[in-house]
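The values are calculated or read from the model by the stated rules, or taken from the named source; none is laboratory data. Nothing here was measured: the structure is a model prediction, and the numbers come from that model. Because the Cβ atoms are built from the backbone with ideal geometry, glycine has one as well, and the counts that use them run over all protein chains shown.
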Amino acid sequence: MEKEALKKIWLQEEEAAHIHGWDFSHINGKYDEERDLPWNYRETVGRYLKPDMKLLDLDTGGGEFLLSLGHPCGSLAATENYPPNAALCREKLLPLGIDFRQADSGGRLPFDSGSFDMIINRHGNFNPDEISRTLKPGGIFVTEQVGAENDRELVALLLKDVPELPFPEQYLEKARAAFEKSGFCVLEAQEAFRPIKFWDVGALVWFARIIEWEFPGFQVESCLENLYRAQEILERDGVIEGQIHRFLLAAKKRG
């Protein structure tokens with residue numbers, strides 16, 4: 001395909017890069033990640049969640065995962081701070097009787113002390129001291145996190161100047177130490193580096209625009225030569241590959 005035709009497609013993907021909740025279906029079939037993690041977040045949550053528990057989901061996105069658990073809505077609460085997703089949560093969660101609050105999960109949580117039996121968090125911010133405060137004694141916290149070194153090969157491929165790590169504290173051992181300091185005993189702890197694959201440069205453009213904190217300043221026009229280089233890699237190898245960084249932590253508040 002001619003360069004101008006590729007550029008037109010990439011600009012269209014850049015224009016389309018908006019997200020509703022945390023929905024990556026726009027690039028389904030064009031990329032793949034998290035297929036071979038050594039744990040399953042849903043199964044991990046399910047091992048600890050009991051029907052009578054009061055559950056809080058921090059940074060719930062659009063509430064998709066929370067609703068998929070099938071837990072009684074009257075025993076659910078959620079936070080989300082990104083305004084479009086918070087609006088979606090008010091529309092979807094509040095009518096179901098779920099206690100939704102717009103809040104920064106890295107700051108003080110808008111809930112009373114000892115409110116919850118379990119708190120979960122997938123790929124969101126967290127504050128160990130606040131999680132400890134809002135959990136009951138013996139309460140459980142489960143999180144899957146994006147690690148500090150996530151997507152760095154892709155960042156180096158697309159950007160002219162590779163930025164510093166956006167979240168340099170995001171390592172399992174640092175999170176573990178923070179929770180132990182806040183009065184938790186660790187139940188499970190795993191860390192993994194796994195492939196992320198793209199079979200379409202346009203999908204990579206969309207992805208980079210959505211995850212702007214990893215690809216700061218990325219735009220098709222300013223990164224065009226790097227995108228052409230990515231297209232050459234795709235045509236040569238059949239895939240563009242990077243590496244994701246994830247960790248899982250489950251911890252219990254000491255009673």
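Given the structure, is residue 132 of a type in the set (Ser, Thr, Tyr) and in a helix (DSSP H, G or I)? Please lay out each step first, then the result.
Values: of a type in the set (Ser, Thr, Tyr): yes; in a helix (DSSP H, G or I): yes.
Yes, satisfied.
Could you grab the pairs with beta carbons closer than 6 Å, sequence gap of 6+ or different chains, first residue in segment 147-169 and closer than 16 Å to residue 247 by Cα, second one among the charged types (D, E, K, R) and assigned to a loop (DSSP other than H, G, I, E, B)? Listed by first residue and then by second, the contacts come to 151/214. Consider residue 114 carefully, then state whether it is surrounded by fewer than 21 Cβ atoms within 10 Å (Cβ to Cβ) and over 28 Å from residue 19 (Cβ atoms). Answer is yes for this residue. Restricting attention to segment 216-255 and to residues that are among the small types (Gly, Ala, Ser) and more than 26 Å from residue 171 (Cα to Cα), the residue that is modelled with the lowest pLDDT turns out to be 255. Considering (1) outside any loop (DSSP other than H, G, I, E, B); (2) of a type outside the set (Lys, Arg); (3) crowded, with 19+ Cβ neighbours inside 10 Å, the lone condition that residue 126 does not fulfil carries the number (1). If you go through segment 1-45 and keep only what is exposed (fewer than 15 other Cβ atoms within 10 Å of the Cβ), assigned to a helix (DSSP H, G or I) and either without any contact (Cβ under 8 Å) to a residue 12 or more places away in the chain or within 15 Å of the chain's Cα centre (by Cα) (or both), you end up with 4, 5, 8, 15, 25, 42, 43. Pairs linking a residue in segment 170-192 that is at negative phi to a residue that is of a type in the set (S, T, N, Q) and in a helix (DSSP H, G or I), with Cβ atoms under 6 Å and 6 or more positions apart or on different chains, are 182/132.
Among the listed residues 189, 178, identify the single one that is surrounded by fewer than 21 Cβ atoms within 10 Å (Cβ to Cβ), of a type outside the set (Val, Ile, Thr), assigned to a strand (DSSP E or B) and touching a helix residue (DSSP H, G or I) at 6+ places or on another chain (Cβ under 8 Å). Can you show your working first?
Details: 178 fails: assigned to a strand (DSSP E or B).
Only one candidate passes the filter, namely 189.
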